[in-house]
1. Within the set of pairs 6 or more residues apart or between chains, which connect a residue that is farther than 16 Å from Thr47 by Cα inside region 98-111 to a residue that is of a type in the set (Ser, Thr, Tyr) and open to solvent by 80 Å² or more (accessible area, probe 1.4 Å) with Cβ atoms less than 8 Å apart?
2. If you take the residues of region 45-58 that are in contact with a strand residue (DSSP E or B) (Cβ under 7 Å, 6 or more places away or on another chain) and not small (Gly, Ala, Ser), which of them is nearest to Ala151 (Cα to Cα)?
3. May I ask you to verify whether Ser89 is free of Cβ contacts under 8 Å to residues at least 40 places away in the same chain, under 30 Å from Lys32 (Cα atoms) and surrounded by fewer than 19 Cβ atoms within 10 Å (Cβ to Cβ)?
4. Check Ser155, Ser98, Ser64 and return the single one that is in contact with a Gly (Cβ under 8 Å, 6 or more places away or on another chain), closer than 30 Å to Thr37 by Cβ and either of a type outside the set (A, V, I, L, M, F, W, C) or open to solvent by less than 50 Å² (accessible area, probe 1.4 Å) (or both).
5. May I ask you to say which residue of Gly104, Gly74, Gly83 is within 20 Å of the chain's Cα centre (by Cα), of a type in the set (Gly, Ala, Ser) and farther than 15 Å from Leu128 by Cβ?
6. Counting only residues that are small (Gly, Ala, Ser) and modelled with pLDDT of 85 or more, which one in region 27-49 is surrounded by the most Cβ atoms within 10 Å (Cβ to Cβ)?
7. If you take the residues of region 1-26 that are small (Gly, Ala, Ser) and at pLDDT 90 or above, which of them is least open to solvent (accessible area, probe 1.4 Å)?
8. Please enumerate the residues belonging to region 80-121 that are more than 20 Å from Ser55 (Cβ to Cβ) and among the acidic types (Asp, Glu).
Amino acid sequence: MRGFTLIEIFVAVFVLSIAIGAAFTFLSSGIKIQRETVGNQALLDQTSFLAEYLSRSLRQAQKSIGDGFCPPAGENYEVLATGAIEFLSREGDCRRISLDTDEGYGIIKEGKGNPPAITGSGIDIVGLTFVIDGEAETDDKQPRVTFSIHARSRSSDAEIFFQTTVSQRDFDVEE
C-alpha cells in the first residue's frame, strides 16, 4: 500500500489553490460587472424619465398674459439668476424647475419654497442648464428651451450628459 508523498500533497494543494483563486477572481469580477450594469441601467432609467418629464412640462407651457410675475408678461419662459426656469403650466400655475445641491448632492426640484424632488435617490445631478430661444412674442420665433443635464450614479461610476431642445406646443402669436 502506497501513500502520497509530501511533495505530491504540496503540488495538489498548490494546483487546487490556483483553481480556487481563479474561480474566486472570475466570480468577483462577474459580481462587479453586474453591479456596474445595474448602476448604469438605473441611471439611464432615471435620466430618461427626467428628460421625458421636463420635456412634457416645458412643451405645455403657456405665454404669460397676466400680472407678469411668472414669467414676465408676453414671455413664455424665464431663466432666473439661480439657473432655474419658470413658466406657466397648462393649468395656469407658476412652475419652477431648479437644481438643489443643499443635501451634498444634486437633485432637481419642481416648485417654490421647499418643493419635492423629481429625481430619484440613486443619481446625483452635477449640472442643469436651460437656454431659451424665442421667449418673447415679438421676436417672430417659436419658443424653445434647450436643457442640458449632467448626472452621475451614486452606486457606480456611471455618468451621463445629455441635451435636448423642446419647442412650445402652442403657437407663439400676438393676441
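The values are calculated or read from the model by the stated rules, or taken from the named source; none is laboratory data. What you see is a predicted model, and the numbers here were worked out from it, not measured in a lab. Positions of Cβ are backbone-derived with ideal geometry, glycine not excepted, and every protein chain shown enters the neighbour counts. SASA here: full protein model, heavy atoms, side chains in, ligands and nucleic acids out. Shrake-Rupley method; radii C 1.70, N 1.55, O 1.52, S 1.80 Å.
1. none
2. Within region 45-58, the match that is nearest to Ala151 (Cα to Cα) is Thr47.
3. Values: free of Cβ contacts under 8 Å to residues at least 40 places away in the same chain: yes; under 30 Å from Lys32 (Cα atoms): no; surrounded by fewer than 19 Cβ atoms within 10 Å (Cβ to Cβ): yes.
Here the answer is no, as Ser89 does not meet what is asked.
4. Values: Ser98 fails: closer than 30 Å to Thr37 by Cβ; Ser64 fails: closer than 30 Å to Thr37 by Cβ.
Unique residue meeting the criteria: Ser155.
5. Gly104
6. Ala42
7. Top of the filtered list is Gly21.
8. Across region 80-121, the qualifying residues are Asp100, Asp102, Glu103.
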